[in-house]
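**Q** Here it is, the structure, as structure tokens.
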Amino acid sequence: MNTSSSASGHAVAVSNPYGHSLPSYLQSDQLGPWGVYLQQVDRVIPYLGHLARWAETLKRPKRALIVDVPIEMDNGTIAHFEGYRVQHNTSRGPGKGGVRFHQDVTLSEVMALSAWMSVKNAAVNVPYGGAKGGIRVDPKTLSRGELERMTRRYTSEIGIIIGPTKDIPAPDVNTNEQIMAWMMDTYSMNEGATATGVVTGKPVDLGGSLGRREATGRGVYTVGVEAAKHIGMDVSQARVAVQGFGNVGGIAAKLFAQAGARVVAVQDHGGSVYREAGLDVPALLAHVAKQGSVAGFAQAEVIAHAAFWEVDCDILIPAALEQQINAGNAHRIKARMVIEGANGPTTPEADDILQSRNILVLPDVIANAGGVTVSYFEWVQDFSSFFWSEDEINARLVRIMQEAFAGVWAVAQEKKVSLRTATFIVACTRILRARELRGLYP
Ligand code: GLU
């Protein structure tokens with residue numbers, strides 16, 4: 001019998017009584033993001049009622065594609081990169097989720113990210129399943145031409161499974177509007193027809209949506225404000241610390257600062273900066289746009305990497321990569337609330353530590369869902385070739401985020417579970433209800 005680790009750390013049987021045990025790449029290895037995801041699923045199964053019968057489906061990606069991406073480098077050599085596209089679940093609609101370019105990307109990571117997309121899309125009730133893609137590459141080492149060739153070849157290779165009604169990629173870590181434009185063009189050229197709806201997060205001049213670039217950060221801010229009301233926190237007086245100062249962390253910091261909050265600490269791949277009176281966020285954004293990181297920002301103190309987690313603050317926003325908050329630093333965090341801008345930034349062990357210390361965690365699968373929500377608006381606009389105003393987009397985004405958060409909050413209160421488990425209860429119930437209604441075919 002195959003085992004995985006339960007919430008309490010004890011081994012539990014994976015419910016697969018009929019056939020084979022889970023293949024090794026599907027098992028919880030305790031270390032990687034896929035193992036974290038499996039532990040999160042185990043925590044929700046007791047709350048699924050009769051739908052638990054279908055729960056195994058959550059533990060297996062529907063489809064995973066590994067592709068070789070060969071390109072000619074500027075110096076005439078041939079380089080090969082490994083690319084992935086994983087469709088975790090398509091019960092509620094086509095696959096949907098970003099593509100990341102990072103030197104540490106692995107199949108296991110992309111599997112976990114695709115599963116979190118299934119949960120996230122169901123949590124905010126957009127009509128999608130979950131998918132994710134990536135290339136194992138440090139894009140900073142490529143020229144613009146190499147980056148374009150790699151993006152196009154990758155798109156062509158995964159072209160056999162993506163499409164406007166099949167699976168719709170979007171930006172994620174180290175990918176942006178230009179990369180989405182190349183993906184859209186490559187797919188359209190191969191199809192012989194313009195297909196704007198094959199990716200979201202495109203430039204506004206190419207079927208992109210107003211408000212998409214800011215949407216994830218705006219969603220982070222929106223759920224933060226809602227949660228603050230529940231715990232009696234005044235956002236205009238709050239001190240905020242942010243890890244990751246890109247599309248998510250940078251925008252969230254800007255919105256919190258606009259609301260009067262003091263952004264006291266920011267950490268990114270280049271270093272950590274601190275200012276008790278509050279950093280000048282627009283100046284820091286301008287610095288990062290020019291220099292590529294917060295390092296060297298003059299109007300702040302430099303602090304050590306580890307010291308960032310001990311900063312005295314009210315709101316901590318991890319908005320970079322996975323497993324940043326773990327058993328090693330969760331005891332030292334001083335914030336009252338953690339808002340997960342990143343995907344998978346908190347390990348299950350750290351989740352328990354934070355909960356026991358009464359620190360409220362707004363989980364990724366709801367907190368960073370603003371991006372995919374506006375991706376959905378973009379896809380709808382592309383289909384109808386009718387584009388909405390930015391005010392309309394932001395108003396709809398805020399409404400969806402507020403309603404989804406209120407629903408999850410109510411479940412957490414009623415069942416006395418964490419917001420993460422509550423979000424998984426709401427989302428996995430929706431996914432498995434669709435699974436059951438569709439039935440097995442053939
Ligand atoms: N990459 C983003 C996420 O992790 C957005 C995905 C999308 O818009 O499809 O949610």
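The values are calculated or read from the model by the stated rules, or taken from the named source; none is laboratory data. Everything numeric in this text was worked out from a predicted model, so none of it was measured. Please note: Cβ atoms are built from the backbone with ideal geometry, for glycine as well, and neighbour counts cover all protein chains shown.
**Q** Could you tell me which residue of the range 202-219 is farthest from the ligand (Cβ to nearest atom), considering only residues that are buried (at least 24 other Cβ atoms within 10 Å of the Cβ) and under 18 Å from residue 101 (Cβ atoms)?
**A** Per the criteria, the residue is 202.
**Q** Would you be able to tell me the number of residues in the range 66-95 that are polar (S, T, N, Q) and farther than 30 Å from residue 121 by Cβ?
**A** 2
**Q** Filter the range 141-191 down to residues that are hydrophobic (A, V, I, L, M, F, W, C) and away from the ligand (no atom under 16 Å from the Cβ) and give me whichever is nearest to residue 293 (Cα to Cα).
**A** Among those that are hydrophobic (A, V, I, L, M, F, W, C) and away from the ligand (no atom under 16 Å from the Cβ), it is 142.
**Q** Contact list please: Cβ distance under 6 Å, first residue in the range 343-369 and among the hydroxyl-bearing types (Ser, Thr, Tyr), second residue part of a loop (DSSP other than H, G, I, E, B) and surrounded by fewer than 22 Cβ atoms within 10 Å (Cβ to Cβ), pairs at least six apart or on different chains.
**A** Final answer for the pair search is 347/323; 347/326.
**Q** At pLDDT 95 or above and in contact with a Ser or Thr (Cβ under 6 Å, 6 or more places away or on another chain): which single residue out of 68, 74 fits that description? Break it down stepwise before answering.
**A** Values: 68 fails: in contact with a Ser or Thr (Cβ under 6 Å, 6 or more places away or on another chain).
Only one candidate qualifies: 74.
**Q** Test of understanding: among 199, 99, 126, which residue is within 11 Å of the ligand (Cβ to nearest atom), farther than 24 Å from residue 246 by Cα and either surrounded by fewer than 18 Cβ atoms within 10 Å (Cβ to Cβ) or not small (Gly, Ala, Ser) (or both)? Write out each step before concluding.
**A** Details: 199 fails: farther than 24 Å from residue 246 by Cα; 99 fails: farther than 24 Å from residue 246 by Cα.
That would be 126, the only listed residue that is within 11 Å of the ligand (Cβ to nearest atom), farther than 24 Å from residue 246 by Cα and either surrounded by fewer than 18 Cβ atoms within 10 Å (Cβ to Cβ) or not small (Gly, Ala, Ser) (or both).
**Q** Take the residues in the range 411-442 that are free of Cβ contacts under 8 Å to residues at least 12 places away in the same chain and not acidic (Asp, Glu); name whichever of them is farthest from residue 42 (Cα to Cα).
**A** Selected residue: 442.
**Q** Quickly run through the range 215-260 and pick out the residues that are among the small types (Gly, Ala, Ser) and part of a helix (DSSP H, G or I).
**A** Answer for the range 215-260, where residues must be among the small types (Gly, Ala, Ser) and part of a helix (DSSP H, G or I): 215, 217, 219, 224, 227, 228, 236, 249, 250, 252, 253, 257.
**Q** Identify, from the list 191, 109, the residue that is of a type in the set (D, E, K, R) and under 19 Å from the mean Cα position of the chain (by Cα).
**A** Working: 191 fails: under 19 Å from the mean Cα position of the chain (by Cα).
None of the others qualify; the one that does is 109.
**Q** Residues that are among the hydrophobic types (A, V, I, L, M, F, W, C) and in contact with a Leu (Cβ under 7 Å, 6 or more places away or on another chain): which helices (runs of 4 or more DSSP H) entirely in the range 351-442 hold 2 or more of them?
**A** So the answer is 390-415, 419-438.
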